[in-house]
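Chemist: Would you mind keeping the following structure in view while I ask a few things?
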Amino acid sequence: MSDSVEYSFAAEIPEKDYELVLNCKIYKDWFEASSSKFKIQKVHFESVNYFAREHRPLFIKLNATATLPDGRPVHGVVLVRGNAVGVLVVLRCEGQKYLLLVRQPRFAISETASLEIPAGILDWSGDYRKVALSELEEEAQIKADESELIDLSAFWWKDFTPGFAGSCGLLDERIRLYAIERDVTSEQLKAMDGRNQTYVDENEWIRTEVLPYEEAAHQFIDGKNLIALFLYERWLKRPDC
């Protein structure tokens with residue numbers, strides 16, 4: 001952290017957590033990236049949410065006083081949560097394509113059963129592929145090998161960015177997107193539909209759903225789904241295909 005930055009904390013954040021917040025990976029990564037391009041004078045931490053199973057910051061809301069290099073001020077409210085991964089699961093069965101998706105409650109958008117691709121927050125390891133495989137197994141109950149992952153973000157953006165920004169006016173998050181393709185029998189396809197996963201500690205209630213490829217595309221509203229589908233379609237049309 002820069003000694004020239006003035007830090008302050010909201011009253012509800014315990015003083016014993018100050019160093020924990022300042023030294024956690026998601027904040028340090030955000031600060032390093034931002035301070036390399038902006039002049040940051042002050043950072044006020046407004047709130048911190050923690051993981052349910054460990055006392056480690058999950059979301060950090062802050063309000064910074066910052067400017068562009070030429071001195072023009074910028075909007076400083078940020079919700080820091082770190083990067084994430086998402087995996088588009090394409091199933092092929094008897095000449096037809098399907099998507100394996102998950103439904104789960106999303107309180108923020110007032111949806112009790114939001115339709116999404118398997119996804120999750122990048123953990124401390126920073127290993128996108130490892131987290132992608134873990135989320136596939138946890139949310140979709142699919143065990144996959146790393147060689148099956150199609151790195152859609154690397155295909156589209158090369159090394160320009162690790163992923164797309166879903167809400168760049170507020171979130172620091174960039175989501176790295178992958179896809180996998182699987183040939184399945186009709187019995188396997190049926191078995192993948194309607195599986196329930198419950199993770200009480202994280203308040204996650206997940207149900208898998210298999211939908212025809214085109215039908216699915218018209219049913220979901222989640223941004224990462226649409227971007228993943230766009231990138232996958234472009235990947236299918238790549239010159240070397």
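Chemist: For the range 72-81, state whether one or more residues are surrounded by 14 or more Cβ atoms within 10 Å (Cβ to Cβ) and touching a helix residue (DSSP H, G or I) at 6+ places or on another chain (Cβ under 6 Å).
Modeler: yes
Chemist: Look through Ala179, Ala154 and report the one residue that is touching a Leu at 6+ places or on another chain (Cβ under 9 Å) and within 18 Å of Leu88 (Cβ to Cβ).
Modeler: Ala179
Chemist: Under 9 Å between Cβ atoms, which residue pairs at least 6 apart in sequence (or on different chains) link something in the range 180-193 that is surrounded by fewer than 12 Cβ atoms within 10 Å (Cβ to Cβ) with a partner that is part of a strand (DSSP E or B) and among the charged types (D, E, K, R)?
Modeler: Listed by first residue and then by second, the contacts come to Asp183/Arg92.
Chemist: Going through the range 193-215 one residue at a time, which ones are part of a helix (DSSP H, G or I) and either of a type in the set (Asp, Glu) or modelled with pLDDT of 95 or more (or both)? Outline the logic, then answer.
Modeler: First pass over the range 193-215, keeping only residues part of a helix (DSSP H, G or I): 200-202, 213-215.
The answer is Asp201, Glu202, Tyr213, Glu214, Glu215.
Chemist: Something else: Inspect the range 132-141 for any residue being touching a residue at least 12 places away in the same chain (Cβ under 8 Å), outside any helix (DSSP H, G or I), under 15 Å from Arg195 (Cβ atoms) and of a type in the set (D, E, K, R) and give the result as yes or no.
Modeler: Quick first cut of the range 132-141, residues touching a residue at least 12 places away in the same chain (Cβ under 8 Å) only: 132-136, 138-141.
Within this subset, residues satisfying the condition of being outside any helix (DSSP H, G or I) are 140-141.
Next, only the ones that are under 15 Å from Arg195 (Cβ atoms) stay: 140-141.
Add one more test, that the residue is of a type in the set (D, E, K, R), and what stays is none.
Within the range 132-141 (the criterion being touching a residue at least 12 places away in the same chain (Cβ under 8 Å), outside any helix (DSSP H, G or I), under 15 Å from Arg195 (Cβ atoms) and of a type in the set (D, E, K, R)), the answer is no, since none of the residues qualifies.
Chemist: Does Asp29 satisfy being touching a residue at least 40 places away in the same chain (Cβ under 8 Å), in a helix (DSSP H, G or I) and acidic (Asp, Glu)?
Modeler: Values: touching a residue at least 40 places away in the same chain (Cβ under 8 Å): yes; in a helix (DSSP H, G or I): yes; acidic (Asp, Glu): yes.
It is true that Asp29 is touching a residue at least 40 places away in the same chain (Cβ under 8 Å), in a helix (DSSP H, G or I) and acidic (Asp, Glu).
Chemist: Scan the range 142-164 residue by residue and report those that are assigned to a strand (DSSP E or B) and either surrounded by fewer than 16 Cβ atoms within 10 Å (Cβ to Cβ) or in contact (Cβ under 8 Å) with a residue 60 or more places away in the chain (or both). Steps first, answer last, please.
Modeler: Step one: of the range 142-164, the residues assigned to a strand (DSSP E or B) are 150-151, 164.
Listed by number, the residues that qualify are Ile150, Phe164.
Chemist: Within the range 173-186, identify whether any single residue is at pLDDT below 95 and over 28 Å from Pro57 (Cα atoms), and answer yes or no.
Modeler: no
Chemist: While we're looking at this one, here's another question. Does Ser167 meet the test of being under 17 Å from the mean Cα position of the chain (by Cα), crowded, with 16+ Cβ neighbours inside 10 Å, of a type in the set (S, T, N, Q) and more than 18 Å from Leu100 (Cβ to Cβ)?
Modeler: no
Chemist: Condition first: touching a helix residue (DSSP H, G or I) at 6+ places or on another chain (Cβ under 6 Å) and farther than 21 Å from Phe164 by Cα. Can you find one or more residues in the range 133-142 that meet it?
Modeler: Step one: filter the range 133-142 for residues touching a helix residue (DSSP H, G or I) at 6+ places or on another chain (Cβ under 6 Å), giving 142.
Keeping just the survivors that are farther than 21 Å from Phe164 by Cα gives 142.
Yes: the range 133-142 contains one or more residues that are touching a helix residue (DSSP H, G or I) at 6+ places or on another chain (Cβ under 6 Å) and farther than 21 Å from Phe164 by Cα.
Chemist: Further question: When the range 110-125 is examined, which residues are found to be without any contact (Cβ under 8 Å) to a residue 12 or more places away in the chain and either closer than 21 Å to Phe59 by Cβ or surrounded by 13 or more Cβ atoms within 10 Å (Cβ to Cβ) (or both)? Before the answer, list the steps.
Modeler: Of the residues in the range 110-125, the ones without any contact (Cβ under 8 Å) to a residue 12 or more places away in the chain are 110-112, 123, 125.
Ser110, Glu111, Asp123, Ser125 - these are the residues of the range 110-125 that are without any contact (Cβ under 8 Å) to a residue 12 or more places away in the chain and either closer than 21 Å to Phe59 by Cβ or surrounded by 13 or more Cβ atoms within 10 Å (Cβ to Cβ) (or both).
Chemist: Just the residues that are surrounded by 11 or more Cβ atoms within 10 Å (Cβ to Cβ) and either without any contact (Cβ under 8 Å) to a residue 60 or more places away in the chain or among the β-branched types (Val, Ile, Thr) (or both), please, taken from the range 15-26.
Modeler: Asp17, Tyr18, Leu20, Val21, Leu22, Asn23, Cys24, Ile26
Chemist: Just checking, how many residues over the range 33-71 are surrounded by fewer than 11 Cβ atoms within 10 Å (Cβ to Cβ) and either within 18 Å of Gly126 (Cβ to Cβ) or modelled with pLDDT of 95 or more (or both)?
Modeler: Of the residues in that region, 6 qualify.
Chemist: Before we move on, is Leu231 touching a residue at least 12 places away in the same chain (Cβ under 8 Å), assigned to a strand (DSSP E or B) and assigned by TED's automatic domain parsing to the domain that holds Gln104?
Modeler: No, not satisfied.
Chemist: Sticking with this structure for a sec: Every residue in the range 1-26 that is assigned to a helix (DSSP H, G or I) and farther than 19 Å from Ile121 by Cβ, please.
Modeler: Glu15, Lys16, Asp17, Tyr18, Glu19, Leu22
Chemist: Report whether or not Phe220 is part of a loop (DSSP other than H, G, I, E, B), over 29 Å from Glu54 (Cβ atoms) and not aliphatic (A, V, I, L, M).
Modeler: yes
The values are calculated or read from the model by the stated rules, or taken from the named source; none is laboratory data. Small disclaimer: the values here were computed from a predicted structure and weren't measured. Here the Cβ is made from the backbone with ideal geometry for all residues, glycine too, and neighbour counts use every protein chain on show.
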